[in-house]
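Undergrad: My questions all concern the structure below.
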Amino acid sequence: MSTYLVFALKRFLQFLAVVFTGVSASFFIAHLSPISPVETIIGRVSGQSAFSPEAVESLRQTLTELFGLNVPLHEQYFNFLRRFLVGDLGPSLLAFPTPAMKLVGLALPWTVGLLTLSTILTWLVGNILGGLAGYYQNSRLLKAFGIVAIGVQPIPYYIVAFLMVIIFGFLWPVLPVSGGFAMNVRPSWSPEFVGSILLHGILPAASLVIVGLGTWFLGMRALVSNIVTEDYVTYAELAGVRRERIVSSYVIRNAMVPQLTALAMSLGGIFSGTIITEQVFSYPGLGTLLVRAVNAGDSAVVLAVSCVAVIAVATAILLIDLIHPLLDPRIRVE
Amino acid sequence: MSVTTDILTVDRLRAYYQMNYFGIEREVRAVEDVTMRVKANEVYGIAGESSSGKTSLIKVLAAAIRPPLRVLEGSVTYRFNGNPLDITRAAEEEIEAVRWRHLSYIMQGSMSVLNPVRRIGRIFEDFAFRPMGLKRDAFRAAVEAHLARLHLEPGVMNSYPHELSGGMRQRVTIALATVCRPEFIIADEPTTALDVVVQKDVLAMIREVQQALGSSVVFVTHDMAVHASIADRLAIVYAGRIVEEAPTRTIFTAARHPYTRHLVASLPRIGDTSPKPSLEGRPPSLAEPPPGCRFHPRCPIAIERCRKEVPILEEWPGEHRVACFRAHEAIPAGEILHLKRGSLQ
Amino acid sequence: MFSVFRDLIRYNMEFAVGVVLVGAIVLFSLLSFISPVDPTAIYTTIPDMPPSAEYWFGTNSRGQDLFWHLTFAFRNTLFFGLSVALLSRVISIAVGLAAGYLGGWTDRVLMFVNDIFVALPTFPILVLFYFVLRSDLDMFKLALIMACFGWPYDARLIRSVALGLKHREFTRHAVFAGMSPVKIMFEEHLPYVMPIVFATAMANMIWSIGLEVTLAVLGFTNINIPTVGTALYWANNHSAMVVGVWWWIVIPVVLIVLTFLGLFLLAVSMNEYIDPRSRLRRMGA
């Protein structure tokens, strides 16, 4: 077990490195900005009513201090890191003075829910179908699925989501194409509300599944058609081991190992895809928040979304890495 | 010996690989007109160079006939508990019913034949639980007893393949193939990848298990020294055909076929410092085998007839069969082993 | 090289279809050089005309002839994808070969950096760049930024091949002959990884074009440069689907999907060419 602890510790250090790099990079990119958040607020406030120049000047000073912009960049950076550790990334401009992190916190469960559900579904179904297609290479149904997968696989998230909106929003309007739940339902644990959430989740989840399914299917099929030529599969077949047992425990089980690595490696891309999809469906997650924040010039929220995205993806990768040894006994003695 | 003690009868077997490369038919004549018998409780060795068709032959014997390999002619009949079963014609269920219980297989390469993500105990369950038909506890006890016979701790049941040493893995695969006490075991180069000390150990173990179970073993390797130490009878395969078959002692002391004599002479012996002869040329392509005797292009004593006619496997006294037109002549070793005189090429 | 190409076309359906699709799109984009209209000018024709003999792809609500407008859009988009692919290939080849051949600490450090880049979500970071640079974010800068995110996966692949090459006989000969590591990497090893470089370049183009389209549709690039993404941006902006100008959206979407499909088929068939096991299976051996 101690080898596992060493392994887990190594992965955790890597997780910290990823988070530190990603968050720092986000900070420095954000602070290259030629747009001052202070001036944006002043512009907005003074647009609404007339202020004396003295009042504007004192507002400017207060805001500069509030955003911590009155010190050199490296001090701002250290302040940022210190505040980041306690989860404070300053007030939002979009909904001043609500903390940016609070807005992110409201959006995050939607994204995490959508992402987790669709990714697990896609990964399992894609791998199982792909595994069967690789093993039963003469099945017409699975062959046809393979051709469809090749056709769908290269289409990016945005286009698929967009097509879904066109189909279900204009051509055959049966499913809601916008929002996370119906406007007329009060958020609670009532069946209507949960039902509304599920209904609104169908299209975003479906478009994520459509994009991802082909990738896993094709990858798994290729892997399996190599694994079936491995000696341990031939041997089990020669020994008359039950077919279902061979497919599940010998073929698919072995192919899952590289597929899990592939999942960890593509999670950043899947996350990007999820927030892109959310935006198309105005789903109340990070993607929609990010786009609204960019359009409003809300640097605090944009930065907060980037940082939380980095942490979310790194955490998910860490979790996958930690369960990896359960799937591949060889890692434990590495 | 009466026919009933034969556990395997192979009659005029012909098995080819038939492939189709973008519309071009290709045929590899891997097994050509093979007739052989394996008796109960004996170790039958099959020797031959790589790509001599011996692997294809045992694939057929092990009922692992998959496209592109196809049986064109002949029969492979096993006789388990007195019931004949021709595996070239039997239904898949009939073959499934004898697999592992009666007919088992030790595959080449001990690392790659064990599923790397499965514990040894689970692999035993997958392979042997159904054929043995025991309750779970009794099954576990039987497996552990069998492992002990092969000097393996019961603890290996909880190990993954990569956690065992090479020698232990080889013993595990032997245990796996023999745990159902099969009457017939096919062993495909089980010692090839092992170092000499482990090799000896494994050979002794196969022999031990074979004697304890009273099974028949078909043992395939290119290594004549291994055959010398394990086989009761030996068949020499060249380019898809059996060229000579005899009790092992006869093969090593009184072989008649020039190819066999060559193989035997190339073995090192203690105190022998003479240079070892090597056979000129390469084994023929099975896609386009030479006409007549397939050995004639490399044979130092080939005559005109060898180019045109195929020599049949003739019975000799003492369970000895030879396929050579010049087998009756007394040809000195020097002529066969040194100069390629009289070559027709 | 040519015979490989010929064999692939003849025996590999995927490759043949991919070549046809990509070839057609490239030809289409090359038509932009003989275009009679300026792609940035608006209201040069009657707006909202459906596809007809005169306007093959119709005209949009901004009074642009979609056929000629899209030739420019595809030229820019393809050029963008190609630039990202080229730039990121340079990084992935350098990192992959160095990590694989030099090994040791170089390998460990490079792979550590590599793992960090793999774990970063690209899209929010690209949005952050747009947020900061706004209209300063031109195609070239965007290509440069995306190249910085598009190399790690492929560098890992190249590294694994380079690891194998390191222990081959010819590498030892080169070392004994006194070749410098740089010379060995780029003269001896590079040719072996070129097939991977080509195959991953296709996949990389799919990725970068997909992201460019996404950013552009959201209005997060310079919307005045005609690309496939900005074409869709303007279509959305004018609610093309709602007002019934469906061709403004459907035609670019179909064309870009065909482009992706073509690139993907090329990548798949090249991968198959690289992996001899799958090639053998195809031949029935």
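The rows are residues; the columns are (1) in a helix (DSSP H, G or I); (2) closer than 30 Å to C:E272 by Cβ.
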site	(1), (2)
C:R159	yes, yes
C:H173	yes, no
C:F198	yes, yes
C:N204	yes, yes
C:L215	yes, no
C:I223	no, no
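Undergrad: Of the numbered conditions (1) within 14 Å of chain A (Cβ to nearest Cβ); (2) in contact (Cβ under 8 Å) with a residue 60 or more places away in the chain; (3) surrounded by fewer than 17 Cβ atoms within 10 Å (Cβ to Cβ), C:L102 fails exactly one; give the number of that condition.
TA: (1)
Undergrad: Confirm whether A:S282 is within 14 Å of chain C (Cβ to nearest Cβ), open to solvent by 30 Å² or more (accessible area, probe 1.4 Å) and within 20 Å of A:V211 (Cβ to Cβ).
TA: Here the answer is yes, as A:S282 does meet what is asked.
Undergrad: With respect to A:I252, is the statement that it is among the aliphatic types (A, V, I, L, M) and either within 10 Å of chain C (Cβ to nearest Cβ) or free of Cβ contacts under 8 Å to residues at least 12 places away in the same chain (or both) true? Step through it out loud before you land on a result.
TA: On the way: among the aliphatic types (A, V, I, L, M): yes; either within 10 Å of chain C (Cβ to nearest Cβ) or free of Cβ contacts under 8 Å to residues at least 12 places away in the same chain (or both): no.
Taking the combined requirement at face value, the residue does not satisfy it.
Undergrad: Looking only at the stretch B:142-175, count every residue that is part of a helix (DSSP H, G or I) and within 18 Å of B:A204 (Cβ to Cβ) and tell me the total.
TA: Number of matching residues: 14.
Undergrad: Would you be able to say whether some residue in the stretch B:256-273 is open to solvent by 60 Å² or more (accessible area, probe 1.4 Å), at pLDDT 80 or above and assigned to a strand (DSSP E or B)?
TA: Step one: of the stretch B:256-273, the residues open to solvent by 60 Å² or more (accessible area, probe 1.4 Å) are B:256, B:268-273.
Still in the list and also at pLDDT 80 or above: B:256.
With assigned to a strand (DSSP E or B) added as a condition, the list becomes none.
No, because not a single residue in the stretch B:256-273 is open to solvent by 60 Å² or more (accessible area, probe 1.4 Å), at pLDDT 80 or above and assigned to a strand (DSSP E or B).
Undergrad: Looking at the stretch B:184-218, which of its residues are assigned to a loop (DSSP other than H, G, I, E, B), open to solvent by 50 Å² or more (accessible area, probe 1.4 Å) and not aliphatic (A, V, I, L, M)? Steps first, please.
TA: Filtering the stretch B:184-218 for residues assigned to a loop (DSSP other than H, G, I, E, B) gives B:189-195, B:214-215.
If we keep only those that are open to solvent by 50 Å² or more (accessible area, probe 1.4 Å) too, we end up with B:192-193, B:195.
Of everything in the stretch B:184-218, those that are assigned to a loop (DSSP other than H, G, I, E, B), open to solvent by 50 Å² or more (accessible area, probe 1.4 Å) and not aliphatic (A, V, I, L, M) turn out to be B:T192, B:D195.
Undergrad: Across the stretch C:241-251, which residue is least open to solvent (accessible area, probe 1.4 Å) among those that are at the interface with chain A (Cβ under 10 Å from one of its Cβ atoms) and under 15 Å from C:A73 (Cβ atoms)?
TA: Filtering first and then ranking leaves C:I249.
Undergrad: Return the residue satisfying two criteria in turn: it lies in the stretch C:12-23 and is in contact with a helix residue (DSSP H, G or I) (Cβ under 8 Å, 6 or more places away or on another chain) and open to solvent by 40 Å² or more (accessible area, probe 1.4 Å), and of such residues it is nearest to the other protein chains (Cβ to nearest Cβ).
TA: Taking the candidates together, the pick is C:E14.
Undergrad: Those residues that are among the polar types (S, T, N, Q) and surrounded by fewer than 21 Cβ atoms within 10 Å (Cβ to Cβ), I need them from the stretch B:219-241; list them, please. Working first, answer last.
TA: As a first pass, look at the stretch B:219-241 and keep what is among the polar types (S, T, N, Q): B:221, B:229.
Selection gives B:S229 alone.
Undergrad: Considering only the stretch B:156-179, state which residues are hydroxyl-bearing (S, T, Y) and open to solvent by 10 Å² or more (accessible area, probe 1.4 Å). I'd like the intermediate steps shown before the answer.
TA: Residues of the stretch B:156-179 hydroxyl-bearing (S, T, Y): B:159-160, B:165, B:173, B:178.
Selection gives B:S159, B:Y160, B:S165.
Undergrad: Return yes when C:V118 is modelled with pLDDT of 80 or more and out of contact with any helix residue (DSSP H, G or I) (no Cβ under 6 Å at 6 or more places or on another chain) and no when it is not. Reasoning before the result, please.
TA: Numbers: modelled with pLDDT of 80 or more: yes; out of contact with any helix residue (DSSP H, G or I) (no Cβ under 6 Å at 6 or more places or on another chain): no.
In short, no.
Undergrad: Would you mind finding the one in A:V211, A:V177 that is within 14 Å of chain C (Cβ to nearest Cβ), outside any helix (DSSP H, G or I) and within 30 Å of C:Y233 (Cα to Cα)? Spell out the reasoning first.
TA: On the way: A:V211 fails: outside any helix (DSSP H, G or I).
Result of the check over A:V211, A:V177: A:V177.
Undergrad: Among the listed residues A:L85, A:L108, A:L121, A:L115, identify the single one that is farther than 15 Å from A:T277 by Cα and surrounded by 15 or more Cβ atoms within 10 Å (Cβ to Cβ). Even if it seems obvious, please write down each step before you answer.
TA: Values: A:L85 fails: surrounded by 15 or more Cβ atoms within 10 Å (Cβ to Cβ); A:L108 fails: farther than 15 Å from A:T277 by Cα; A:L115 fails: farther than 15 Å from A:T277 by Cα.
Going through A:L85, A:L108, A:L121, A:L115 in turn, the sole match is A:L121.
Undergrad: Within the stretch B:95-125, can you find the residues that are in a helix (DSSP H, G or I), open to solvent by less than 50 Å² (accessible area, probe 1.4 Å) and modelled with pLDDT under 90?
TA: B:I95, B:V98 - these are the residues of the stretch B:95-125 that are in a helix (DSSP H, G or I), open to solvent by less than 50 Å² (accessible area, probe 1.4 Å) and modelled with pLDDT under 90.
Undergrad: Every residue in the stretch C:181-207 that is small (G, A, S) and either open to solvent by 10 Å² or more (accessible area, probe 1.4 Å) or more than 14 Å from every other protein chain (Cβ to nearest Cβ) (or both), please. Full working, then the answer.
TA: First, the residues of the stretch C:181-207 that are small (G, A, S): C:199, C:201, C:203.
Scanning the stretch C:181-207 gives C:A201, C:A203.
Undergrad: Right, another one. Does C:A53 qualify as being in contact (Cβ under 8 Å) with a residue 60 or more places away in the chain and either away from every other protein chain (no Cβ under 14 Å) or touching a Phe, Trp or Tyr at 6+ places or on another chain (Cβ under 8 Å) (or both)?
TA: Details: in contact (Cβ under 8 Å) with a residue 60 or more places away in the chain: no; either away from every other protein chain (no Cβ under 14 Å) or touching a Phe, Trp or Tyr at 6+ places or on another chain (Cβ under 8 Å) (or both): yes.
Answer is no for this residue.
Undergrad: Starting from residues that are within 14 Å of chain A (Cβ to nearest Cβ) and either open to solvent by less than 90 Å² (accessible area, probe 1.4 Å) or among the hydrophobic types (A, V, I, L, M, F, W, C) (or both), keep the ones in the stretch B:128-155 and report whichever is nearest to B:I174 (Cα to Cα). Please lay out each step first, then the result.
TA: First, pick out the residues of the stretch B:128-155 that are within 14 Å of chain A (Cβ to nearest Cβ): B:128-133.
After this cut, where a residue has to be either open to solvent by less than 90 Å² (accessible area, probe 1.4 Å) or among the hydrophobic types (A, V, I, L, M, F, W, C) (or both) as well, the list is B:128-129, B:131-133.
Values: B:A128: 13, B:F129: 16, B:P131: 17, B:M132: 16, B:G133: 20 Å.
Ranking the qualifying residues of the stretch B:128-155, first place goes to B:A128.
Yes/no per residue for (1) closer than 23 Å to B:E315 by Cβ; (2) surrounded by fewer than 22 Cβ atoms within 10 Å (Cβ to Cβ):
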| residue | (1), (2) |
| --- | --- |
| B:D33 | yes, yes |
| B:V43 | yes, no |
| B:L61 | yes, no |
| B:P68 | no, yes |
| B:V71 | no, yes |
| B:S75 | yes, yes |
| B:R79 | yes, yes |
| B:D86 | no, yes |
| B:E93 | no, yes |
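Undergrad: May I pose another question? Could you pull out the residue among C:G178, C:G210, C:G164 that is over 22 Å from A:S26 (Cα atoms), away from chain A (no Cβ under 12 Å) and assigned to a helix (DSSP H, G or I)? Reasoning before the result, please.
TA: Details: C:G178 fails: assigned to a helix (DSSP H, G or I); C:G210 fails: away from chain A (no Cβ under 12 Å).
That would be C:G164, the only listed residue that is over 22 Å from A:S26 (Cα atoms), away from chain A (no Cβ under 12 Å) and assigned to a helix (DSSP H, G or I).
Undergrad: Out of all the residues in the stretch A:127-141, is one or more under 30 Å from C:S239 (Cβ atoms) and touching a residue at least 40 places away in the same chain (Cβ under 8 Å)?
TA: So in the stretch A:127-141, the residues under 30 Å from C:S239 (Cβ atoms) come out as none.
No, the stretch A:127-141 contains no residue that is under 30 Å from C:S239 (Cβ atoms) and touching a residue at least 40 places away in the same chain (Cβ under 8 Å).
Undergrad: Which of the residues belonging to the stretch A:124-149 are within 13 Å of chain C (Cβ to nearest Cβ), aliphatic (A, V, I, L, M) and open to solvent by 30 Å² or more (accessible area, probe 1.4 Å)?
TA: A:I147, A:V148
Undergrad: Step by step: first the residues of the stretch A:91-105, then only those that are open to solvent by 50 Å² or more (accessible area, probe 1.4 Å) and touching a Pro at 6+ places or on another chain (Cβ under 9 Å), then the one that is modelled with the highest pLDDT. Which residue is that?
TA: A:P99
Undergrad: Any residue in the stretch C:4-25 that is of a type in the set (S, T, N, Q) sitting within a Cβ distance under 8 Å of a residue that is open to solvent by less than 40 Å² (accessible area, probe 1.4 Å) and modelled with pLDDT under 90? List the pairs, counting only those 6 or more apart or interchain.
TA: C:N12/C:S269; C:N12/C:E272
Undergrad: List pairs: first residue in the stretch C:149-167 and surrounded by 20 or more Cβ atoms within 10 Å (Cβ to Cβ), second residue at pLDDT below 90 and not in a helix (DSSP H, G or I) anywhere in the structure, Cβ distance under 9 angstrom, at least six positions apart or on different chains.
TA: Final answer for the pair search is C:F149/C:L120.
Undergrad: What pairs come out if I take residues in the stretch A:224-235 that are at the interface with chain B (Cβ under 8 Å from one of its Cβ atoms) and pair them with residues that are β-branched (V, I, T) and assigned to a loop (DSSP other than H, G, I, E, B) whose C-beta lies under 8 Å away, six or more apart or interchain?
TA: A:D231/B:V113; A:Y232/B:V113; A:Y235/B:V113
Undergrad: Which one is farthest from the chain's Cα centre (by Cα) among residues in the stretch C:105-117 that are touching a residue at least 24 places away in the same chain (Cβ under 8 Å) and open to solvent by less than 20 Å² (accessible area, probe 1.4 Å)?
TA: Among those residues, the one meeting the criterion is C:M111.
The values are calculated or read from the model by the stated rules, or taken from the named source; none is laboratory data. Quick caveat: nothing in here was measured; it's all calculated off a predicted structure. Every residue, glycine among them, receives a Cβ derived from its backbone with ideal geometry; neighbour counts consider all protein chains shown. Please note that ligands, DNA and RNA were not included when accessible areas were found on the heavy atoms of the full protein model with its side chains. Shrake-Rupley method; radii C 1.70, N 1.55, O 1.52, S 1.80 Å.
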